[in-house]
Amino acid sequence: MMKLHRLRFSSKSLEKLAMLDELTQIPNRRYIENSINLRFNEFLLNEIEFGIIFLDVDHFKEFNDHYGHDIGDLILKTVSKTFSNNLRSGDTIGRLGGDEFIGIFPEINKAELKKIAEKLKVLVEKTYIELKDKKINVTISVGATLINSNDTINSLIKRADDFLYASKNKGRNCITTE
């Protein structure tokens, strides 16, 4: 009986690990892809709208190059925690890889999605990493979009990604949405 209990615990632990980003302990790419598929199917069946937000740490490569990967990792953990601690019930945010994050926001309209994007941007902007002799301020660029009736999963993701890159091209530390 004890072996069966350990096996179940081990199986649940492995399942959890398979869906979490090892560094940040937030959902990983696999979990996010599953969540987007679920939300997309809910939209098709029940017309339950949702939005997605792409978030990218500004100048992350420079942080890594200048301060080292340990500080880069600390930035990712800090930003992830800021995101996770400021979501509505039912919202999901995950790490796609590198310094790229994506949020999924069910039952939301454009104004609410923009408000959440702005809130996350401002909260990260107010966050800093304290080193021995200085503080590092971190900012993010954001692209946000709401599902529409003509969307496929790929078109929705591409639009959010295009908006993210528009934010970067505008000078970073800003939001682009519809």
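The values are calculated or read from the model by the stated rules, or taken from the named source; none is laboratory data. Being a predicted model, the structure only gives us computed values, none of them experimental. Please note: Cβ atoms are built from the backbone with ideal geometry, for glycine as well, and neighbour counts cover all protein chains shown.
For segment 64-88, filtered to residues that are among the aliphatic types (A, V, I, L, M) and more than 12 Å from the chain's Cα centre (by Cα), the residue that is surrounded by the most Cβ atoms within 10 Å (Cβ to Cβ) is ILE75.
Applying the condition of being out of contact with any Phe, Trp or Tyr (no Cβ under 7 Å at 6 or more places or on another chain) and of a type in the set (A, V, I, L, M, F, W, C) to segment 117-137 and asking which residue is modelled with the lowest pLDDT yields LEU131. Residue by residue through segment 29-88, note down the ones that are among the aromatic types (Phe, Trp, Tyr) and in contact (Cβ under 8 Å) with a residue 60 or more places away in the chain. Within segment 29-88, TYR31, PHE40, PHE43, PHE50, PHE54, PHE63, TYR67 qualify. Just for segment 110-120: of the residues that are touching a residue at least 40 places away in the same chain (Cβ under 8 Å) and under 15 Å from ASN85 (Cβ atoms), which one is surrounded by the fewest Cβ atoms within 10 Å (Cβ to Cβ)? Among those that are touching a residue at least 40 places away in the same chain (Cβ under 8 Å) and under 15 Å from ASN85 (Cβ atoms), it is ILE116.
Every test in (1) under 22 Å from ASN64 (Cβ atoms); (2) touching an Asp or Glu at 6+ places or on another chain (Cβ under 7 Å); (3) surrounded by 20 or more Cβ atoms within 10 Å (Cβ to Cβ) is passed by GLU100 save one, and that test is (3). For segment 107-121, does any single residue satisfy the condition of being under 22 Å from ARG159 (Cα atoms), part of a helix (DSSP H, G or I) and β-branched (Val, Ile, Thr)? Yes, the conditions are met somewhere in segment 107-121. Yes or no: PHE105 surrounded by 15 or more Cβ atoms within 10 Å (Cβ to Cβ) and under 23 Å from ILE48 (Cβ atoms)? Here the answer is yes, as PHE105 does meet what is asked.
Among the residues of segment 126-178, those that are hydrophobic (A, V, I, L, M, F, W, C), surrounded by 17 or more Cβ atoms within 10 Å (Cβ to Cβ) and part of a loop (DSSP other than H, G, I, E, B) comprise VAL138, ILE147, CYS174. Within segment 115-136, the set of residues being farther than 16 Å from GLY72 by Cβ and aliphatic (A, V, I, L, M) comprises ILE116, ALA117, LEU120, VAL122, LEU123.
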